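The values are calculated or read from the model by the stated rules, or taken from the named source; none is laboratory data. Predicted model only: the values in this text are computed from it and were never measured. Note: ideal-geometry Cβ built from the backbone for every residue, glycine included; neighbour counts use all protein chains shown.
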Amino acid sequence: MRVHPSSTLALWAVLLGSGAQLEDCKRWQDLDSKVVHKGGTVVLGGMFPIHSKGVEVEYTFRTAPGASHCRGFNLRVFRWAQAMVFFIEKINKDSSLLPDVTLGYRLYDTCGTVGMSVRTAMSVLSQPLKGTEGSCGSLSIPLIIGDSGSTLSMAISRTLNLFKVPLVSYFASCACLSDKHNFPYFFRTIPSDMNQADALARLVRHFGWSWVGTVGADDDYGRTGIDMFTAAVSKLGVCVAYRVTIPKLPTKDRLREMVKTIRESTAQVIVAFAIEEDIQPLIQEIVRQNVTGKQWVASEAWVTSTLISTQENFVSLGGTIGFGIRRAEIPELKHFLENIDPLATPYNPFAREFWEMQFECSFNTTVPLTSTRIGETDSIYNDVSQLRVTYNVHKAVYSVAHALHHLLGCQVGPAGGHCGDPQALEPWQLVQYLRDVNYTNSFGDTVYFDRNGDPVGSYDIINWQRGASGPVKYVTVGRFDATLPFDQQLVVSQGDIVWHGGKKEVPVSVCSISCPKGSRKATRMGQPVCCYDCVACTEGTFSNATECTPCPEDFWSNVKRDSCVIKETEFLSYADAFGLALAGTAILGTVCTAGAASIFLRHRHTPLVRANNSELSFLLLLALALCFLCALAFVGRPSVWSCRLRRTSFGLSFALCLSCLLSKTMVVLMAFRSTMPGNQTARWFGPVQQRLGVFFCTALQGVVCAVWLTTAPPYPVKNTWLYRDRIILECHLGSVVLFCCVLGYIGGLAGFCFLLAFLARKLPDNFNEAKFITFSMLIFCAVWITFIPAYVSSPGKFTVAVEIFAILASSFGVLLCIFAPKCFIIIFMPQKNSKKQLLSKRTTK
């Protein structure tokens, strides 16, 4: 576009006229940046980084430094500044808000640098303003709206604190600014990053991402944001793979190094805290190197940035998701933006620069002005589809207007207040009314500041989507509202999200895949807890892929170690081959004993049977039968009655058996001693004495057993300590002392019987039953001596088997040694079963 000469002259007239009119009051010549100004009853200051970057100047310290220069005209920020003008003009036309008071403004370009921002703040504080009558006076700016960056706002706020001038920011979200000790006069209309960091952490956890990378700008916004996100996400079990910090002026080598870290990391999700100007160089390098396959999670500072969400960048950033501040549809704003006039009054130097950049023209030429209008072009400046920061500017301006309305109207708030004079308004007077601001705007939102000067933490969840060939769209797929109950704060419409690469499936970002069931996580040494190996659970434990948990006492893990099953119950039963064999052997012994008894009964009148004390022999056979039968009580499931029957039947039957053997031995021994002249001992060992001896020896064991059963009887128990994978059902001894008494009594009878039989071993053969008793006692003692170590060392049900084997072996030893030879003679050698044969043998001796 070219400008007509007459239009150029008119423009210069405006510039010169404005300069002459305010020359006596204007005191911002010390600033290198331009100022947009308009007078009023109360003048508000506004700070915007209309130029995003400052030009680095090398100071030689030999000459005075020249003027500072800025570069990078930011259309988005210029829209924010123009919106502030629009909102102030709307308020001036509103008769219900600040009647009889006209708001003016002075808008400054801070270039996004701390030095320029502080210098601008100092200039604002030191310059007088033009009064309402047109002369210079003491009227000053009571409040500043700005700045956009957290670091800039911190620097400005520290300067303004000295003069108690409040600062209302529309885009400084660093949580550090909530510290009222350091920033007592700071307010903002954007939620604190403390809310955003917590919301981002919960969003990451919601999608099951446990391994993420972080990118942050090298400023308070980026560093604090990443610190808070890392702390919040770590509490949820998520690990940070790396942390990339973007310098304000990154070199090419540094950019390549950062991209290499992002590309080579196994983390597929990247959480970025940075403003658009800071992250843009990194994104450009990522696109240049064609780094794809990463899922970006954006902070509110760039999630709706058209500078970043270009079609060229969509290849690498497609599907980006993040939190955006609440948006609004602001009527008439688009019309106001599109009707900007570089020649209009009051003079707006940025409008001229915008016009020249937008239409690639120059006002220094003599080509006629065309009818081209802003509405015929598409740019971020006149794009009002995503008015988010602009809406924050709206809240800031109207919050100040409501505070001024209450102050100038002498309305005392909840915390008190003072009436103010618009011609002598002190900044500190406005602070208390700002703290008490609480109103509902035309969009239905309630606006107020908490005790830290922060608004309510609420965000929209934004997802970058694009059609076949259209521009990038910011689709709202959920929300976060900190005012709701905890379980209702985060709402995500997961089906509406389009992820990187146009996929509908949620991307996976983990350091290690989930462990299968039946295994646990084993952290790798020197690595975060999210990086682990999967180790199979040990026996007796199970897992749901996180950690191994011991099974309950009566349960055991299955083969896959993913659940617990009831432990196998083990005892010596008739269903076992071993148990069946032992039971069969016991029955066989009983049958053999019965067979021997029947032979002795049939031949009870023969000399051999009568010579061996038939009454004791039948009683001994009965005892042996009971010994064989008591072994059957040891087979089967232990119960209260079976446990008691086992021990008592064993003790009593063996006591009876050994008592009979002891009596037979003594009878044999006394019988031969009675043949000696004058020996009357035999008469004390007659049948009555034999019966009494057997009864007495057995009764003594019965008394011990009775005491045992009444005081601490045996009882069934579940042995879970011998084997971990199964339960052994066994009989507890109850009183170990009484069990030892029973066993010791049997051992004492056996030892005494062996001793007597050994002494009578050389008596005549046909009458010498003591020799066979000696052999039987040798077998008996040998069996029970070896029983003790075998019993102790045998595991589980084999302990019972060893005990049964000892019972059967000792019983068979007695049966075979005592009765087998006699039965053989009775059946196969009847000629030796005669009185003559017995007497002849005796005579030869």
Inset, instruction - Mind telling me which of the residues Thr304, Thr345, Thr292 ends up being under 24 Å from Arg71 (Cα atoms) and either assigned to a loop (DSSP other than H, G, I, E, B) or free of Cβ contacts under 8 Å to residues at least 40 places away in the same chain (or both)? - result: Thr304
Inset, instruction - Pairs only if they're at least six apart or on different chains, beta carbon under 7 angstrom, first in the stretch 97-121 and farther than 15 Å from Arg71 by Cα, second of a type in the set (Lys, Arg) and in a strand (DSSP E or B); list them, first residue then second. - result: Gly104/Lys38; Tyr105/Lys38
Legend entry - Flag if Trp499 is closer than 28 Å to Gly318 by Cα and either assigned by TED's automatic domain parsing to the domain that holds Leu167 or touching a Pro at 6+ places or on another chain (Cβ under 6 Å) (or both): yes
Inset, instruction - Determine if the stretch 322-339 includes at least one residue that is assigned to a loop (DSSP other than H, G, I, E, B) and over 54 Å from the mean Cα position of the chain (by Cα). - result: yes
Legend entry - Ser543 being among the polar types (S, T, N, Q), surrounded by 12 or more Cβ atoms within 10 Å (Cβ to Cβ), within 30 Å of Cys630 (Cα to Cα) and within 54 Å of the chain's Cα centre (by Cα): no
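Could you check the stretch 598-651 and list, in sequence order, the residues that are part of a helix (DSSP H, G or I) and β-branched (Val, Ile, Thr)?
Residues satisfying the conditions are Ile599, Val609, Val640, Thr648.
Evaluate the stretch 684-705: report whether one residue or more is within 60 Å of the chain's Cα centre (by Cα), modelled with pLDDT of 85 or more, of a type in the set (Val, Ile, Thr) and outside any strand (DSSP E or B). Steps first, please.
Applying the first criterion (within 60 Å of the chain's Cα centre (by Cα)) to the stretch 684-705 yields 705.
Applying the additional criterion that residues be modelled with pLDDT of 85 or more yields 705.
Subset that is of a type in the set (Val, Ile, Thr): none.
Checked against the condition, which is being within 60 Å of the chain's Cα centre (by Cα), modelled with pLDDT of 85 or more, of a type in the set (Val, Ile, Thr) and outside any strand (DSSP E or B), the stretch 684-705 yields no hits at all.
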Inset, instruction - Filter the stretch 483-514 for residues that are more than 23 Å from the chain's Cα centre (by Cα) and assigned to a loop (DSSP other than H, G, I, E, B) and give the result. - result: Thr483, Leu484, Ser493, Ile497, Val498, Trp499, Lys503, Lys504, Glu505
Inset, instruction - Give Glu570, Glu505, Glu553, Glu547 a once-over and let me know the one that is modelled with pLDDT under 90, farther than 30 Å from Glu803 by Cβ and of a type in the set (Asp, Glu). - result: Glu547
Legend entry - Failed criterion for Leu236 (all others in (1) modelled with pLDDT under 95; (2) in contact with a Phe, Trp or Tyr (Cβ under 9 Å, 6 or more places away or on another chain) hold): (2)
Legend entry - Residue under evaluation Thr585, criteria (1) surrounded by 14 or more Cβ atoms within 10 Å (Cβ to Cβ); (2) not assigned by TED's automatic domain parsing to the domain that holds Val635, criterion not met: (2)
Inset, instruction - Write out, first by first residue and then by second, each pair whose Cβ atoms fall under 9 Å of each other, whose residues are 6+ apart or on separate chains, and whose first residue, in the stretch 474-494, is under 18 Å from Trp302 (Cβ atoms) and in the same structural domain as Gly208 (by TED's automatic domain parsing) while the second is surrounded by fewer than 18 Cβ atoms within 10 Å (Cβ to Cβ) and modelled with pLDDT under 90. - result: Tyr474/Ser385
Inset, instruction - Being touching a Phe, Trp or Tyr at 6+ places or on another chain (Cβ under 9 Å) and loosely packed, with under 14 Cβ neighbours inside 10 Å is the filter here, so list the residues in the stretch 485-522 that pass it. - result: Val491, Gln494, Glu505, Ala522
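Got at least one residue in the stretch 157-166 being among the hydroxyl-bearing types (Ser, Thr, Tyr), assigned to a helix (DSSP H, G or I) and touching a residue at least 40 places away in the same chain (Cβ under 8 Å)? First the steps, then the outcome.
Initially, the stretch 157-166 is screened for residues among the hydroxyl-bearing types (Ser, Thr, Tyr), giving 157, 159.
Next, only the ones that are assigned to a helix (DSSP H, G or I) stay: 157, 159.
With touching a residue at least 40 places away in the same chain (Cβ under 8 Å) added as a condition, the list becomes 159.
Yes, the stretch 157-166 contains at least one residue that is among the hydroxyl-bearing types (Ser, Thr, Tyr), assigned to a helix (DSSP H, G or I) and touching a residue at least 40 places away in the same chain (Cβ under 8 Å).
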Inset, instruction - Identify the residue in the stretch 455-484 that is among the hydroxyl-bearing types (Ser, Thr, Tyr) and buried (at least 18 other Cβ atoms within 10 Å of the Cβ) and, among all such residues, is farthest from Leu387 (Cα to Cα). - result: Ser458
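Evaluate the following for Phe163: is it surrounded by fewer than 24 Cβ atoms within 10 Å (Cβ to Cβ) and under 20 Å from Leu425 (Cα atoms)? Please lay out each step first, then the result.
Details: surrounded by fewer than 24 Cβ atoms within 10 Å (Cβ to Cβ): yes; under 20 Å from Leu425 (Cα atoms): yes.
Yes; evaluated as a whole, the condition is true for this residue.
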Legend entry - Residue match in the stretch 194-202 (condition: modelled with pLDDT under 95, on the phi > 0 side of the Ramachandran plot and surrounded by fewer than 24 Cβ atoms within 10 Å (Cβ to Cβ)): no
Legend entry - Some residue of the stretch 61-70 being in a strand (DSSP E or B) and either modelled with pLDDT of 80 or more or among the aliphatic types (A, V, I, L, M) (or both): yes
Inset, instruction - For residues that are surrounded by fewer than 16 Cβ atoms within 10 Å (Cβ to Cβ) and not polar (S, T, N, Q), scanning just the stretch 562-577, find the one that is nearest to the chain's Cα centre (by Cα). - result: Val565
Legend entry - Within the stretch 180-197, tally of residues that are under 12 Å from Asp454 (Cα atoms), of a type in the set (S, T, N, Q) and out of contact with any Pro (no Cβ under 9 Å at 6 or more places or on another chain): 1
Inset, instruction - Look through the stretch 269-327, keep the residues that are out of contact with any Phe, Trp or Tyr (no Cβ under 6 Å at 6 or more places or on another chain) and among the acidic types (Asp, Glu), and return whichever of them is nearest to Asn463 (Cα to Cα). - result: Glu312
Legend entry - Subset of the stretch 217-253 [without any contact (Cβ under 8 Å) to a residue 12 or more places away in the chain, closer than 15 Å to Asp278 by Cα and surrounded by 17 or more Cβ atoms within 10 Å (Cβ to Cβ)]: none
